[in-house]
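What follows is calculated from the coordinates using simple rules that are stated; it is not laboratory data. Treat the numbers as computed from the prediction; the structure is a model and nothing was measured. Positions of Cβ are backbone-derived with ideal geometry, glycine not excepted, and every protein chain shown enters the neighbour counts.
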Amino acid sequence: MSRHLDAYTVTKAASILGYTPQHVRHLIRTGHLLAFKAGRDWLIPRWDLETFKDSSSERPKEASQPSGALKTDNGNKTAWLALNEVYCGDCRELLERIAPNSIQLSVWSPPYHVGKKYESGQSYEEWVDLLETVIRLHYRIIEPGQFVVVNIADILCFEDLSMPRIQADLVSNKRHAVTREMVLQAKKEYPSYDRYQLADLLGCSEQTIDRRLNGNNVRGGKHSCQTRVKLVSALIEDAAIQAGFYLYDRRIWHKDAAWQNSRWHNSSYRSVDEFEYLYFLWKPGVTVIDRNRLSNSEWQEWGSRGVWRFPSVRANDLHEAMFPVELPLRLIKLLTDPGHNVLDCFMGSGTSAVAALRLGRNFIGIEKVRDYVDLAKSRLAFERRRAQSSLFPHRVEPSADVAPHRVPRHVT
Ligand SMILES: C[S@@+](CC[C@H](N)C(=O)[O-])C[C@H]1O[C@@H](n2cnc3c(N)ncnc32)[C@H](O)[C@@H]1O
């Protein structure tokens, strides 16, 4: 034990817990053990080690294992992806590194093929191939009887140059009166306003603000005259059936009408986006039906309901397509038990992992853009701190050299 603090070094903690020092470092990195940096080593407070030891019989087995089973790749042993980590990479490669039948719920929202920055350069065919491949790769890793839930808009739109190129006759089209100078003046007067607030102030859309400031529309091209609109459900269902899943259910997420995200209403008779689908794909096997997962009022308000109503994320400046935490929270509560493993292979800003953490489930996150991985990690670190400070309201917020920490099961 350290002479200065009631704490153990990594080597000592490893011998107490019966793990290797490498595994103890892994537990620190993944937030299962609280630790303070001491030179090149870590110090683990005695109370935290004892709480960790006491709760080890209750912890899901996987959470204390660095890598579960091993697979052989060209003769080399490669560890399966560890739980409670966010990985940077293409999910088509990383899904192959998840242990078989180890995921109880995979919840994700793929790129929607509507021209977001992270989709640039991807053709429609490549997008379809991405979805089909990802669904196929899920079959091996989902536990029988459990689910993949795909959140996606009910229709997608993409440029199709084979469509008749007939321009709409926009008889009422007038240029918006808001000028760049007006936006710059408003920004000067209200420097803390984001583009939504500026739009409210000037009585125009948030896209007008973008166009005035950046000179063009940074979003997808839904309004071009050769825009195809296509239903997504058949595509998902066919991919699921081919992979071995069955469509089990679909629900509607009714979000706020996306007036500010859509230009359809001013250049066509198309409606604005105001709902998305949740497709539940079932892997054949025994499904545990536990009515105790939700309270009576939760069953009545949303558990048994086909339409879920909650707003989308308005301030999506960090990631342009975040879904609200309410979405994975409901799915995780409904379809898993504490200690189960939740996957999001299009992790974005880490919303599903935050929800999993809040509900005491393990997670694996995969995201191809490094900045989003970093964003997800910092959201998770914040979530862990938030959870801990509500359990220890009188504790001083740890300084930057403290590793992320787990939420102890017992407060002694
Ligand atoms: C619709 S967003 C998901 C947003 C997420 N639900 C959130 O709340 O932040 C899709 C994400 O998938 C990522 N992505 C796209 N293709 C990918 C791939 N092949 N492998 C991993 N991530 C990918 C994008 O970078 C983007 O962050």
- Message: For a protection proxy built on the mean count of beta-carbon atoms within 10 angstrom, sort 296-303, 370-377, 149-156 highest first, please.
- Response: 149-156, 370-377, 296-303
- Note on the structure: Amide H proximity to Lys255 below 5 Å, modelled H, separation 5+ or other chain, gives Phe275, Glu276
- Task: Determine ³J(HN,Hα), in whole Hz, for all residues of the stretch 381-389 in sequence, where each value follows from phi through the Karplus function 6.51 cos²θ - 1.76 cosθ + 1.60 and θ = phi - 60°; x replaces Gly and Pro.
- Result: 4, 5, 4, 5, 5, 4, 5, 6, 5
